[in-house]
Amino acid sequence: MSDDTTRPAGAADGTDGVDPVLSLSNVDSGYGEVQVLDDLSIRLDPGEIVCLVGPNGAGKSTVLKTAFGMLTPWTGTVEYHGRDIGGMAPEEIVREGIGYVPQTDNVFGSLTIDENLRMGGVARDGGLEDVIETLYDRFPIIDRKRTAKAKTLSGGQRQVLAFARALVMEPDVLLIDEPSAGLAPNTADDVFEDVQEVNDMDTAILMVEQNVTKGLGISDRGYVLDQGTVRFEGTPEELLNDEEVSQLYLGG
Amino acid sequence: MTVLGYLANGLVFSSIIVLGSIGLSLVYSIADFANFAHGDTMTVGAYSALVTFGAVGGLGGAVLGLPYGFFLALVAGIAVAAVVAVGTEKLVYEPLDVDSIGLLITSIGIAFIYRAVIQIRFGSDFTRFGIQPLRPIEALVPYGVRVTLHDVAIVGSAVVLVGGLHVLLQYTDLGRKMRAMADNPDLARVSGIRTKRVKLWTWVIGAGLAGAGGVFLGLFNQLSPRMGFNLLLVIFAAVILGGIGSVYGAMAGGFLIGMINQLTPFFSNVVEALPIWPGWLAALLESLISIEYANAIAFVIMVAVLLVRPNGIAGEGAT
Ligand SMILES: Nc1ncnc2c1ncn2[C@@H]1O[C@H](COP(=O)(O)OP(=O)(O)OP(=O)(O)O)[C@@H](O)[C@H]1O
Ligand SMILES: [Mg+2]
């Protein structure tokens with residue numbers, strides 16, 4: 001679904017009548033007393049890749065954390081297939097079919113690669129071994145290191161493992177926070193390819209990405225966040241070509 | 001006594017300290033607080049075993065000089081300690097929902113409650129299991145080793161329990177979840193681990209082992225309402241020495257601290273025998289390295305180790 005020219009024109013503003021798989025509506029949220037999200041609304045349609053961009057501290061990670069139950073929305077709703085999941089615990093949200101790859105500390109460093117993947121599948125009913133083997137086939141980088149501790153992996157390998165751990169549940173929706181952060185350019189490209197591949201298998205993806213060109217490049221739609229709210233939304237072309245957007249947020 | 005003799009005593013005492021250290025470390029790394037009621041959990045185990053042993057008495061035959069009834073009492077001590085800890089978690093710690101410092105302070109209060117209840121029921125005097133004390137094993141006496149079959153039972157049981165814990169941590173689903181939680185509690189929840197449940201099992205295991213340690217401490221020395229609390233600082237020293245939050249570190253730390261504690265009289269003999277000059281220095285050292293200071297010496301060694309390895313024996317705090 002990364003080829004956005006095939007999408008109907010109305011898709012960009014989410015009014016094409018498709019029921020979103022995940023949506024946040026008029027959400028306020030934050031940490032303790034500190035409000036970060038301010039009346040934020042976004043949606044993710046089936047099969048889409050949607051990219052959140054914006055300056056540091058804009059609240060991008062906070063959106064994912066609120067969607068995944070790490071934070072409870074103060075007001076507004078988080079809906080998954082039309083059901084309110086706002087404030088449901090993360091360990092239960094996983095069971096609903098959403099996966100989450102955090103921005104940092106996204107592997108268990110003292111556990112082996114194999115154990116990391118097993119942990120990714122604790123909520124599965126069965127078929128754990130098969131899924132893990134499939135993931136090893138897909139990601140040979142980690143296949144070669146099954147019994148190594150995750151802390152011995154390089155940045156790129158770690159990102160792949162973090163990604164694979166979330167995929168063990170075969171989620172409907174995957175939330176990914178800055179998959180390319182700290183990676184060398186060609187390693188980052190590999191990770192983006194992996195993201196697309198997962199999307200091709202019918203997983204809708206909501207991704208935060210600092211590398212705006214590449215992030216939007218593989219996305220169907222994007223949102224520009226600033227100070228906890230959506231400033232702009234549109235197709236990658238619309239966002240990348242918008243003068244105001246590029247001046248303010250995309251580094252000129 | 002010979003060096004071997006002191007080492008043998010050290011091994012017995014270490015077994016008890018190790019059993020205590022594991023639970024403190026597990027609860028620290030998984031439930032995320034320094035549990036000051038841990039020593040008194042050992043006392044709970046010891047007295048529960050005392051009551052059970054009183055009821056079943058010299059049931060059946062005996063192994064290693066201990067009636068079968070004692071092993072039943074040991075199981076009861078483990079079970080009651082675990083149940084009491086889980087009950088406390090469910091009724092106090094979990095509903096309170098405070099941060100680690102709040103939990104630490106609460107646990108001091110809980111420690112007083114455990115101890116007070118025991119004191120009300122049993123008084124504050126020392127007491128013993130009604131088990132015939134044994135003579136040292138004859139065959140070992142020529143080597144200066146004076147350990148009884150009871151001591152062998154203590155070390156053997158500790159080895160079995162620690163081995164069992166190792167298997168659990170490394171090869172079972174629960175163990176992997178516990179290690180995952182100790183490593184990264186947020187990611188554990190993100191992965192779908194129901195952390196409250198794992199926390200309860202952590203309490204069961206940690207308190208159960210503490211209960212066993214308490215029962216053995218009662219067998220090794222005697223029982224008193226302060227027995228566990230008196231050991232708490234030594235256990236903390238062991239856990240810190242091992243690298244706080246690391247279970248295997250806690251085992252190593254417990255082993256070392258227990259050994260040092262029992263080797264103190266040997267060190268003082270050595271100091272006495274050395275031609276230390278001037279005389280006042282010899283006198284000072286002799287007075288410092290005496291049994292009364294066994295715990296203080298353990299602490300000094302702990303500080304010395306931490307100066308070299310600030311994160312303890314097990315390093316970064318990885319489990
Ligand atoms: N755990 C926390 N406690 C308190 N405030 C936090 C916490 N995490 C983030 N914040 C604050 O919330 C705001 C938004 O943070 P968030 O991590 O969502 O930004 P971001 O858009 O993901 O930034 P970045 O690009 O740096 O990852 C920031 O001001 C940040 O300081
Ligand atoms: Mg972020």
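Going through B:Ile120, B:Ile193 one at a time, which residue ends up being loosely packed, with under 13 Cβ neighbours inside 10 Å, at pLDDT 95 or above and over 23 Å from the mean Cα position of the chain (by Cα)?
B:Ile120
Listed residues A:Leu175, A:Leu161; which is within 14 Å of chain B (Cβ to nearest Cβ) and assigned to a strand (DSSP E or B)? Break it down into steps so the answer makes sense when it comes.
Working: A:Leu161 fails: assigned to a strand (DSSP E or B).
Within the list A:Leu175, A:Leu161, the selection yields A:Leu175.
Output the residue which, of all residues in region A:43-57 that are at pLDDT 95 or above and within 15 Å of ligand 2 (Cβ to nearest atom), is farthest from the other protein chains (Cβ to nearest Cβ).
Only one residue tops the list, namely A:Cys51.
Need the failing condition index for A:Gly30 against (1) more than 17 Å from the chain's Cα centre (by Cα); (2) within 24 Å of A:Pro236 (Cα to Cα); (3) within 9 Å of ligand 1 (Cβ to nearest atom), just the number.
Among (1) more than 17 Å from the chain's Cα centre (by Cα); (2) within 24 Å of A:Pro236 (Cα to Cα); (3) within 9 Å of ligand 1 (Cβ to nearest atom), A:Gly30 violates only (2).
Out of all the residues in region A:51-69, which are in contact with an Asp or Glu (Cβ under 7 Å, 6 or more places away or on another chain) and not in a helix (DSSP H, G or I)? Don't jump to the end; show me each part of the working.
Within region A:51-69, the subset in contact with an Asp or Glu (Cβ under 7 Å, 6 or more places away or on another chain) is A:51, A:53-55, A:58, A:61, A:64.
Across region A:51-69, the qualifying residues are A:Cys51, A:Val53, A:Gly54, A:Pro55, A:Ala58.
Every residue in region A:85-114 that is surrounded by fewer than 20 Cβ atoms within 10 Å (Cβ to Cβ), facing chain B (nearest Cβ under 8 Å) and not in a loop (DSSP other than H, G, I, E, B), please.
A:Arg95
Anything in region B:169-220 that is among the small types (Gly, Ala, Ser) and not in a helix (DSSP H, G or I)? List them, or say none.
Within region B:169-220, B:Ser191, B:Gly192 meet the criteria.
Go through region A:203-231 and give me each residue that's outside any strand (DSSP E or B), within 14 Å of the chain's Cα centre (by Cα) and more than 16 Å from ligand 1 (Cβ to nearest atom).
Residues satisfying the conditions are A:Thr203, A:Ile218, A:Ser219, A:Asp220.
Checking the structure you have, find out if any residue of region B:138-158 is in contact with a strand residue (DSSP E or B) (Cβ under 7 Å, 6 or more places away or on another chain) and in contact (Cβ under 8 Å) with a residue 12 or more places away in the chain.
Applying the first criterion (in contact with a strand residue (DSSP E or B) (Cβ under 7 Å, 6 or more places away or on another chain)) to region B:138-158 yields B:150, B:153.
This time we only want the ones that are in contact (Cβ under 8 Å) with a residue 12 or more places away in the chain, so: B:150, B:153.
Yes: one or more hits.
Can you tell me which residue among B:Ala158, B:Ala139, B:Ala116, B:Ala182 is in contact with a Gly (Cβ under 9 Å, 6 or more places away or on another chain), hydrophobic (A, V, I, L, M, F, W, C) and away from chain A (no Cβ under 14 Å)? Working first, answer last.
Numbers: B:Ala139 fails: in contact with a Gly (Cβ under 9 Å, 6 or more places away or on another chain); B:Ala116 fails: in contact with a Gly (Cβ under 9 Å, 6 or more places away or on another chain); B:Ala182 fails: away from chain A (no Cβ under 14 Å).
It is B:Ala158.
So, in region B:194-209, how many residues would count as being under 18 Å from B:Gly245 (Cβ atoms) and within 11 Å of another protein chain (Cβ to nearest Cβ)?
2
Could you check region A:204-249 and list, in sequence order, the residues that are away from ligand 2 (no atom under 16 Å from the Cβ), among the β-branched types (Val, Ile, Thr) and touching an Asp or Glu at 6+ places or on another chain (Cβ under 6 Å)?
A:Thr235
Filter region A:66-91 for residues that are charged (D, E, K, R) and within 18 Å of the chain's Cα centre (by Cα); which is nearest to ligand 1 (Cβ to nearest atom)?
Out of the qualifying residues, it is A:Glu91.
Is it the case that some residue within region A:75-91 is touching a residue at least 24 places away in the same chain (Cβ under 8 Å), polar (S, T, N, Q), more than 14 Å from ligand 2 (Cβ to nearest atom) and farther than 30 Å from B:Lys177 by Cα?
yes
The values are calculated or read from the model by the stated rules, or taken from the named source; none is laboratory data. Treat the numbers as computed from the prediction; the structure is a model and nothing was measured. Every residue, glycine among them, receives a Cβ derived from its backbone with ideal geometry; neighbour counts consider all protein chains shown.
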